[in-house]
Every structure is written in C-alpha cells, then in structure tokens.
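Student: One structure, pasted below without further comment.
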Amino acid sequence: MANVSKKLLPIAIVAATAATQAPAALADLNVDLRTFYFNRDFSEGSAPNRVALTQAIRVDYNNELTDRIAIGASLFANAKLDGHGDDQSTGLLTSNSNSYAKLGQIFADVKLTESASVRLGRWVVNTPLLNDSDSRATPSSTQAVKLSGNVADVDLYALYSDRASAKTDASFEKYGTDSDGLVLIGGGTKLDNGISLHAAYGESDNFLSQAYFNAAYTTDQLLVDFHHYDSEGEGSNTQDATLTNLAAQYSFGNLTLTGSFQTIGGDTAYNYTWGGNDDNGLMTWNSVQIMDFNNKDEDSFQIRADYAFAGIQGLKAMARHTWGEYDNSGTDVEEAETNAELKYTLQSGDLKGLSLRMRLSHVEADAYNDINEVRLIANYSF
C-alpha cells in the first residue's frame, strides 16, 4: 500500500473527468474526497499520543439495470500522509499503521413488488441496532441480505448478516467462532400528528440479543426524543443491561437548544457491539465524540446549543457538555466530556459543497487521565 498516496490524486482526476464527460449511462458515478487530521493528546498520562493525517477517496457507482434490478459498488481508499505516536489507534489507519484500500460495497437490489424489495451483498448498513460508522476517513460495512417492505404505512425490514468489516479492514470477518451470524427485524412509522415510532430486535447467535424502541414527537420548533435499549448476553457473554435516553430540543431563530438524560440499568455496562468485526454505534444523544456514558449504573446529562450564522450562509457552530456519574465498588466515579464544533460549507463557486469542519473534545474522568482531541475534516463530493 506504499504507493496508495501517489495514486489517489490521479484516480480523483480521472474520476472527475469521467463524471463530467461520460454519457448518461455513467451518471451514477459519485466521488467523495475526505482529508482527515486526528490528534488525541493524553497530556497527563504515560500513553502515547495518537496523531495521523490521511487523504481518503470514495467512489460510488450505482446503476438500474432493469425496472426491477439495480446494482451498486464502492471503492474505499485512504492514504497515510503523516502519523506518529500510537497512530494505528486513531481509527484512520490499519493495525500496522498503513494505508488501505478495499471494495467497501458491492450489492444488488431486486424489486419484488411495488412495496417490497430485497438487497444482498456488502454495503453500509443504517438501522438502529446495526449502523456502520462513518466517523473517520471511510465507513465500516456489512455483508448481509435485507428484505424491506411497507404494510399499512409501516416500513418493515428483516436482515441477516454473517460478516462485517471495520473501517480500516479490507476483510469481512464472522461475528464470532461460535456464531452463525446476526438476525435483525424491525419497523417504523410516522404519524400525521408528528409522532414517529420505531422498534427492532436483534440476536447474534451464542453472544447477544438486543431490543430497541424509539418514540419521537416533532413540531416546527420542538423535538422530544425517547430511546430505550435492552440487552442480554448469551453463552459466555454475561451482559445484562438496559439503556434509556430522553432528550428535548427547542429551536427559535438560528439557535437550537437541547437537554438530554440517560441512565444505565441492569447488572453490567451496556455494550452494543455484536461480537465481531462490526463497527456499531448507539443512536442516543449522550453518545458523543469520544465517550458513550454507558458504564454500569451510570446516570448522565447533556446540555447542547447549535447555531447557524445568519450573516454567513453555510457556517454552523455547536457546543455541548455531557457529564455522568456511576458507582464502582462503593466509590462514586465522575466523568465529563465537552465538545465544540465549527463547520463551513461553500454555497457557490467551482467548489460549491466543499465543507470544512473542526471538532474539539476535552474529557475529564476520575477513572483515567484527561484527554484533549482535535479533528479537522475537509469533504468534497462531485
């Protein structure tokens, strides 16, 4: 992979030329460039800092072969430009601190009826209990078959997955040596009165089962959002935990304010991964840049403000503070994470759509040393 960085620019130029000059049959070719700088500073501890700078390219191709059959494929590649310290732990590079390239998606969609379809292959999955992460240079992806349909205005789905690939891994690995795979079923609906509902259940054979419920109420200015997870381990996995999160958000003018409460119940911490190479995440408000606040018996709170600048179109800012407390063998343990974000998206010109984003985080915790983190991200799609 040593030559990946030298090849990325020519690939991007060729892809851009093809996208602008190709006939209509190639109109479904899309290219995304992402430059990512990551710096996690363990300033008060002995752990080495994690620093890396990479350039990623993602090429998506989608095409409708017939009225009922469509195909898609995606190349994910990420070139190491710089790195030091424990850079293999940044989530940008392989376990050997190298660049990588892989066929991240290849799938087929088959329309069965006007309201039902099936997808099979490898793709970036987005469901409440299995959602591939795109928090670094390229996303994780899942090998699966998914049946989707709509009955009486309820969107239903059933999914079976036997393998998954983390963000920086080229291979797709099983969910565990004793697992036959992961099964998910779920469905959701939106009502005319502003209420939306979603429920799901998943089971990874001989490892974990999880149930999920979400209810939200939305108006032009108000959002009330409720999430509940319930999990039980199987086989050697002793997990037995629940996670409940309730958030309220109010918008007026260019300002949006949010408050959130989360609590962990049961006998263990809440672990939401399925025991394999999956790169899963929580859908809750208190799952933030670094921390999830999912320790055993932990209660956590969050206050957040988002602002869109009226005088500078495309400029947005966010600030939030999340703090929690839990009991560890009779000792009260406190932890907190403060985040700030600034994002600007160009509204016109040759580079319209280019976004520049800065994400800052500061963590203070009784259980470990303070953490300071900076992420700088540039995205451009064409």
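Student: Listed residues Asn294, Asn245; which is more than 30 Å from Gln221 (Cβ to Cβ) and either in contact with a Cys (Cβ under 6 Å, 6 or more places away or on another chain) or not hydroxyl-bearing (Ser, Thr, Tyr) (or both)?
Tutor: Working: Asn245 fails: more than 30 Å from Gln221 (Cβ to Cβ).
Exactly one residue qualifies, and that residue is Asn294.
Student: Asp267 fails exactly one of the following numbered conditions: (1) surrounded by fewer than 16 Cβ atoms within 10 Å (Cβ to Cβ); (2) under 21 Å from the mean Cα position of the chain (by Cα). What is the number of that condition?
Tutor: Failed condition: (2).
Student: Now for a separate question. Please find, among Ile303, Ile290, the residue that is surrounded by fewer than 19 Cβ atoms within 10 Å (Cβ to Cβ), in contact with a Lys or Arg (Cβ under 9 Å, 6 or more places away or on another chain), β-branched (Val, Ile, Thr) and not in a loop (DSSP other than H, G, I, E, B).
Tutor: Ile303
Student: Buried (at least 19 other Cβ atoms within 10 Å of the Cβ), assigned to a strand (DSSP E or B) and among the basic types (Lys, Arg), is that true of Arg163?
Tutor: Taking the combined requirement at face value, the residue satisfies it.
Student: Working only within the stretch 173-203, note down all residues that are of a type in the set (Phe, Trp, Tyr) and surrounded by fewer than 19 Cβ atoms within 10 Å (Cβ to Cβ).
Tutor: Across the stretch 173-203, the qualifying residue is only Tyr201.
Student: Can you find a residue in the stretch 87-97 that is assigned to a strand (DSSP E or B), of a type outside the set (A, V, I, L, M) and over 21 Å from the mean Cα position of the chain (by Cα)?
Tutor: Looking for residues that are assigned to a strand (DSSP E or B), of a type outside the set (A, V, I, L, M) and over 21 Å from the mean Cα position of the chain (by Cα), one finds none in the stretch 87-97, hence no.
Student: Go through the residues of the stretch 40-47 one by one and say whether even a single one is aliphatic (A, V, I, L, M) and within 20 Å of the chain's Cα centre (by Cα).
Tutor: No, the conditions are met nowhere in the stretch 40-47.
Student: Residues that are more than 24 Å from the chain's Cα centre (by Cα), surrounded by fewer than 19 Cβ atoms within 10 Å (Cβ to Cβ) and either under 25 Å from Leu356 (Cα atoms) or touching a residue at least 40 places away in the same chain (Cβ under 8 Å) (or both): does the stretch 312-323 have at least one?
Tutor: Quick first cut of the stretch 312-323, residues more than 24 Å from the chain's Cα centre (by Cα) only: 312-313.
Now restrict to residues that are surrounded by fewer than 19 Cβ atoms within 10 Å (Cβ to Cβ): 312-313.
Right, trim to either under 25 Å from Leu356 (Cα atoms) or touching a residue at least 40 places away in the same chain (Cβ under 8 Å) (or both) and you get 312-313.
Scanning the stretch 312-323, I find at least one residue that is more than 24 Å from the chain's Cα centre (by Cα), surrounded by fewer than 19 Cβ atoms within 10 Å (Cβ to Cβ) and either under 25 Å from Leu356 (Cα atoms) or touching a residue at least 40 places away in the same chain (Cβ under 8 Å) (or both), so the answer is yes.
Student: It is to be established whether one or more residues within the stretch 314-325 are within 26 Å of Ile264 (Cβ to Cβ) and at pLDDT below 95.
Tutor: Checked against the condition, which is being within 26 Å of Ile264 (Cβ to Cβ) and at pLDDT below 95, the stretch 314-325 yields no hits at all.
The values are calculated or read from the model by the stated rules, or taken from the named source; none is laboratory data. Since this is a predicted model, take the numbers as computed values, not measurements. Cβ sites come from the backbone with ideal geometry, for glycine too, and all protein chains shown count toward neighbours.
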